[in-house]
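Chemist: Can you keep this structure in mind? I'll have questions shortly.
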Amino acid sequence: MILLQHLTKRFGAQTAVDDLSFEVPAGQILGFLGPNGAGKSTTLKMLTGMLEPTSGTATICGFDLLREPVEVKRHVGFVPESGAVFESLTGLEYLEMVAALYAIPPEAARARIRQFIAFFDLSFETLTDKLLGAYSKGMRRKVVITAALLHNPPVVFFDEPLDGLDANAAVGFKALIQTLAHEGKTIVYSSHILDVVERVCDRVIIIDKGRMQVDGQPAELLAAHGADTLERLFTQLTGGTELERRAADFAKTFRP
Amino acid sequence: MTPTAGQSSPPPPPNEEAGKQADSGPRSARVALSPERTLRRLFLTLFLRGRSSRGLQKDSAPKSVGSKLALTLVFYALFGLFALFFHGQPVFALSVYLHGMTFVFLGMFIAASAGEVLFNKEEADILLHRPVTPSALLRAKVGVLVEVSLWLAGAFNLGGFIVGVTARDGGWSFPFVHAASTSLEALFATGCVVLTYQVCLRWFGRERLEGLMTTTQVFVAIAAVLAGQLMPRMMGGVGGKVTLAASSWWVCLLPPAWFAGLDDALAGSGARGSWALAGWGVAATAMVLWLAFGTLARDYGAGLQSLGEAATRRPQRRARRRWIDVAVSVPPLRWWLRDSVSRAAFLLTAAYLMHDRDTKLRVYPGLAPMLVMPVLFLVQDHGQGDKGGFGGAFAGVFIGLIPVLGLTLVQYSQQWQAADLFRAAPIAGPAPLCHGARRAVLLLLTLPVLLIFGLIAWVVRGNASELALLLPGVIALPLFALLPNLGGRGVPLSLPTEEAKSTSRGLQMIGVMMVSGILSALASWAWSGSWFGWLLLIELIVASVVYVGLRASISTARWPPLE
């Protein structure tokens, strides 16, 4: 469903994504991990057609990223880390605008939006009367997730989707993406909340400095590297050594 | 949402019809709005409501271009009544005036709006992964710019439509022809701005795009203002009756003359020269549009993408302190900025005035008219002896407008929500922040202008003693600079940029300009009546008393409510 071939992105002298190649089949939830600045968001932006690769390519649902970018975009949903929305639109105006970009008829879009607001426990009045700028962070995130799934895409990219969601919404969301994967959708899930990734994802890729470090099922990776948790494995692979000691040393600087 | 509900009943896929529509795309255009129309409606809505919405209710949001711009359109229509002075003149002279002023207004509007409309950083995360092409985005945005431009142009030209009918060689066809030529002019002006961006992007690359965009917009706006101030005077130089004679060849170089030629060719004298100008105008517009939306449009997508990329700079061999940091650490700035909060606000405001594209685009084009008018007064006033004091005094008092406008404009920022930090800090009120911002505006904007005016006055008049005419303005300067901070207002970078579009700011400026005019007249009278020294003394005493009162008022002001 997703196939990366030597995907590379350079910003001037800096290589953000370095020769990344992997494949994700339909129905799989892939945890895409890495420390800050590792190249995760850049990779996701390339796979959603937002950034042009410097070299290499990718295909999504059989559509080539470079030659058929609009078809690729038609078949993916994306929840960006920023959670950006047009703040001066109401939630309904925003979602109807997104639906129109995918050529979903207004009546079908409205029905679909009602399904989502029922799932996310939002009131229709909130969606029609309040501008998005007045929404709480969690409510806004729900709207962004709805906007990503509104057109029923076969491939969905989530970049820190739980940011701002309360515990109930987060639990519901995790159940949602597992159900969507069972129904055949491909999910790429990028997050720093590693215990969620460990529980939800079928497979994990960790990148650092733009290069792939490991790729496999969580349990297999833990066993292979002798780590007891994904968090421990992550710090092992990405240079997070002596974190406890450094934290203790830094805390001492707060003493009067 | 409850976990149970979420786990047991996630939303099903869209109904069959919607699913087909989503898959089939354009086939469903007859049912759903086309993506292009959707985008155009979106960008018009965003233009009307702004992109940020703290405290904005949907019910109070403007629903049409007219309601949003009502007061502005009324001003434009009233200003357009100056066309009545062209009653009985030839169509060409009237049209050059109308198109010249329209070109200025549109140039300023498009230059000020285009950066935000064409290259918005947040928009990339919302729209670039949707199935729309960069050219569709570009067309939708330009469509909105042209639509609003035509509203402004229409309001300004209302008076001209009537005057054109009664022009010496005019007639009933003038309003229709002029409407068409004005539409063409709006397309030309928009195309020029878009083309400038595309060329900058192609030639200079993404790393320098943002800085170039800022500089380009600032210069376009300043050029538009200069042209607006100078063109009527140049017209006056040829008696207000422009013909295509050898003495007025320069008219042919001005884009407004091309569109005036179109008016004259179809609804005026029909002179051969007018046909030539009209042909050139149509060809130039077609060329600009072809380049901007055809040949170079493919670069637009790359430009949008580049805004989301982190530009990398070559690392410097060793870290250098910025000159402004050095300046505040040594006297006299160190003495002037003893309070740490004021010093921080000074540095913050200075950084935004020097480096922030959005702030620069608001402040410098906004100040351009302030600089042009007094200079013209200084020059025109030259050679009138003792009776010629008004121009110098006017230039001096006009300097007072620089901090008023500058401080008013640095209140606005795209990062206005970050100003919540000021309220969270242990500061009783906004006074120290206001003081810091005021000093930054005085030092970085007002002082250079004062020096320039002084230099011009000295060079033009050739008499250093006449520099004293600037003193009434210089004495009033600290008072003017306090006005934006009264009541604890004017906190730097604390208001959303949409509020900067408020027309009430224009009304405030008119009030300040009226006070300036009165003070200038008084100074001119005192200069010619040889009691100028007494005026300065009285002004100094009054200004000192008022200054102390205003400072005390600002120092005790508390934070204004957020909403």
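Please treat every number below as a calculation from the coordinates, not as lab data. What you see is a predicted model; the values in this text were computed from it and never measured. Heads up, the Cβs are rebuilt from the backbone with ideal geometry, glycines too, and the neighbour counts pull from every protein chain shown.
Chemist: Under 5 Å between amide H atoms, partner at least 5 residues away or on a different chain: which partners does A:V214 have, H built in plane at 1.01 Å?
Modeler: A:I206
Chemist: In addition: At q = 0.16 Å⁻¹, what base-10 log of I(q)/I(0) does the Debye formula yield for the range A:1-143 when every alpha carbon is treated as an equal point scatterer in vacuo?
Modeler: Ignoring solvent entirely, the Cα scatterers give -0.97.
Chemist: Based on DSSP H runs of at least 4 residues, each adding -39500 (n - 2.57), what is the mean residue ellipticity at 222 nm of chain A after dividing by all its residues, to the nearest 500 deg cm²/dmol?
Modeler: Details: 11 runs with 107 residues, N = 256.
Dividing the helical sum by the residues of chain A leaves -12000 deg cm²/dmol.
Chemist: Just need the relative contact order of chain A here, percent rounded to a whole number, with Cα pairs under 8 Å and 6+ apart.
Modeler: Working: 431 pairs, mean separation 66.2, N = 256.
With pairs under 8 Å counted, the relative contact order is 26 percent.
Chemist: I need A:D202, A:D159, A:D228 ordered by Cβ neighbour count within 10 Å, fewest first. Don't jump to the answer; show the numbers that get you there.
Modeler: Numbers: A:D202 16, A:D159 23, A:D228 8.
If I rank by nearby Cβ atoms, fewest first, I get A:D228, A:D202, A:D159.
Chemist: Can you tell me the Rg and Dmax of chain A, counting just the alpha carbons, in angstroms?
Modeler: 19.4, 64
Chemist: Out of residues 5 or more away from A:G77 or on other chains, whose amide H comes under 5 Å of its own, with H placed 1.01 Å from N in the peptide plane?
Modeler: A:V155, A:V156, A:F157
Chemist: With a cut-off of 8 Å between alpha carbons and a minimum separation of six or more residues, what is the relative contact order of the range A:30-172 in percent? Could you put the intermediate results ahead of the total?
Modeler: Values: 162 pairs, mean separation 40.9, N = 143.
The value is 29 percent.
Chemist: For the range B:323-555, what does the convex hull of the Cα positions come to per residue, in cubic angstrom?
Modeler: Numbers: hull volume 29.0 nm³, N = 233.
Spread over its residues, the Cα hull of the range B:323-555 gives 124 Å³ apiece.
Chemist: What is the range B:323-555's relative contact order, in percent, from Cα pairs under 8 angstrom and six or more apart in sequence? Write out the running numbers ahead of the final one.
Modeler: On the way: 310 pairs, mean separation 69.2, N = 233.
Relative contact order for the range B:323-555 comes out at 30 percent.
Chemist: Most exposed first by the Cβ proxy, i.e. fewest other Cβ within 10 Å, how do B:M513, B:M108 rank? Write out the running numbers ahead of the final one.
Modeler: On the way: B:M513 17, B:M108 24.
In increasing order of surrounding Cβ atoms, one gets B:M513, B:M108.
Chemist: Ok, one more. Once you charge only the Cβ atoms, +1 for Lys and Arg and -1 for Asp and Glu, what is the size of the charge dipole of chain A about its Cα centre, to the nearest 20 debye? Before the final figure, lay out the partial values.
Modeler: Working: 26 positive and 31 negative charges, 68 e Å.
Charge dipole of chain A: 320 debye, to the nearest 20.
Chemist: Oh, and also: Which order do A:V200, A:V143 fall in if you start with the one that has the fewest other Cβ atoms within 10 Å?
Modeler: Numbers: A:V200 20, A:V143 28.
So the residues, fewest neighbours to most, are A:V200, A:V143.
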